[in-house]
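The values are calculated or read from the model by the stated rules, or taken from the named source; none is laboratory data. Bear in mind the structure is a predicted one, so any value in this text is a computation, not a measurement. For neighbour counting, all protein chains shown are included, and Cβ atoms are generated from backbone atoms with ideal geometry for every residue, glycine included.
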Amino acid sequence: MQVKVQVATTAKRLPSPAKLKTWARGALSGLRRKSAAVTLRIVDGRESKQLNTQFRGQHKPTNVLSFNFEPPPGTRSDVLGDVVICAPVVRREAREQNKEERAHWAHMVVHGIMHLRGYDHQNGKDAAAMEAKEARILRRLGFSDPYRLRD
């Protein structure tokens, strides 16, 4: 599994690229393909807001965005897509939700990759399946269930 990390922010105290890759590979485990490629892009609030506005019509930065890659017809590609994580939003959410920042980062990486894998949370049934899968992956990575913490 190939994971690239791009850092496009001046935010401090980011997880190391090695940690980000470990969490991404954890989220890619069990994928039924020989190889896959994902890019994790860590951004500031400005870029997150721009992408969220352009692709989701929401005029604010958000914690994580996922962009699936669709290869041209008749071609094959190992590229799953890109996950864009906004460093200031992750830091703020961790503080507001009384979560360990490192755990919240891991959750955002896993959550973004789950979207690339085809999971969604548009309805209760889909959300429950996605959250259960995320919790299992995060547990294997040494983190608590992020959804149980909110209750």
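Return yes or no: is GLY74 modelled with pLDDT under 95 and of a type outside the set (Phe, Trp, Tyr)?
Yes: the conditions hold for GLY74.
State all residues of the range 46-66 that are in contact (Cβ under 8 Å) with a residue 40 or more places away in the chain and not in a loop (DSSP other than H, G, I, E, B); if no residue qualifies, say none.
Let us first name the residues in the range 46-66 that are in contact (Cβ under 8 Å) with a residue 40 or more places away in the chain, namely 48, 63-66.
Selection gives SER48, VAL64, LEU65, SER66.
Hey, does the range 47-60 have a residue that's in contact with a Pro (Cβ under 8 Å, 6 or more places away or on another chain), on the phi < 0 side of the Ramachandran plot, of a type in the set (Ser, Thr, Tyr) and modelled with pLDDT of 95 or more?
yes
Counting only residues that are small (Gly, Ala, Ser) and surrounded by 16 or more Cβ atoms within 10 Å (Cβ to Cβ), which one in the range 56-112 is farthest from GLU134 (Cα to Cα)?
Restricting to residues being small (Gly, Ala, Ser) and surrounded by 16 or more Cβ atoms within 10 Å (Cβ to Cβ), the top hit is ALA87.
Kindly check whether there is at least one residue in the range 72-93 that is out of contact with any Leu (no Cβ under 9 Å at 6 or more places or on another chain), outside any loop (DSSP other than H, G, I, E, B) and of a type in the set (Gly, Ala, Ser).
no
For the subset of the range 16-45 comprising residues that are in a strand (DSSP E or B) and not β-branched (Val, Ile, Thr), which member is nearest to the chain's Cα centre (by Cα)?
LEU40
With respect to ARG13, determine if the residue is closer than 19 Å to GLU131 by Cα, out of contact with any Cys (no Cβ under 7 Å at 6 or more places or on another chain) and outside any strand (DSSP E or B).
no
Taking only pairs six or more apart or across chains, which ones have beta-carbon atoms under 7 Å, a first residue in the range 13-34 that is at pLDDT below 95, and a second residue that is assigned to a loop (DSSP other than H, G, I, E, B) and basic (Lys, Arg)?
The qualifying pairs are LEU31/ARG117.
Yes or no: the range 124-132 includes at least one residue that is buried (at least 17 other Cβ atoms within 10 Å of the Cβ) and either more than 26 Å from VAL7 (Cβ to Cβ) or in contact (Cβ under 8 Å) with a residue 12 or more places away in the chain (or both).
yes
Determine whether ALA103 is small (Gly, Ala, Ser) and closer than 21 Å to VAL89 by Cβ.
Numbers: small (Gly, Ala, Ser): yes; closer than 21 Å to VAL89 by Cβ: yes.
Yes.
Search the range 76-93 for residues that are over 15 Å from VAL7 (Cβ atoms) and pair each with any residue that is surrounded by fewer than 23 Cβ atoms within 10 Å (Cβ to Cβ) and aromatic (Phe, Trp, Tyr) when their beta-carbon atoms are under 9 Å apart and the residues are at least 6 apart or on different chains.
Listed by first residue and then by second, the contacts come to SER77/PHE69; VAL79/PHE69; LEU80/PHE69; GLY81/PHE67; GLY81/PHE69.
Tell me which residues, restricted to the range 101-151, are assigned to a loop (DSSP other than H, G, I, E, B), out of contact with any helix residue (DSSP H, G or I) (no Cβ under 8 Å at 6 or more places or on another chain) and farther than 29 Å from GLU70 by Cβ.
GLY142, ASP151
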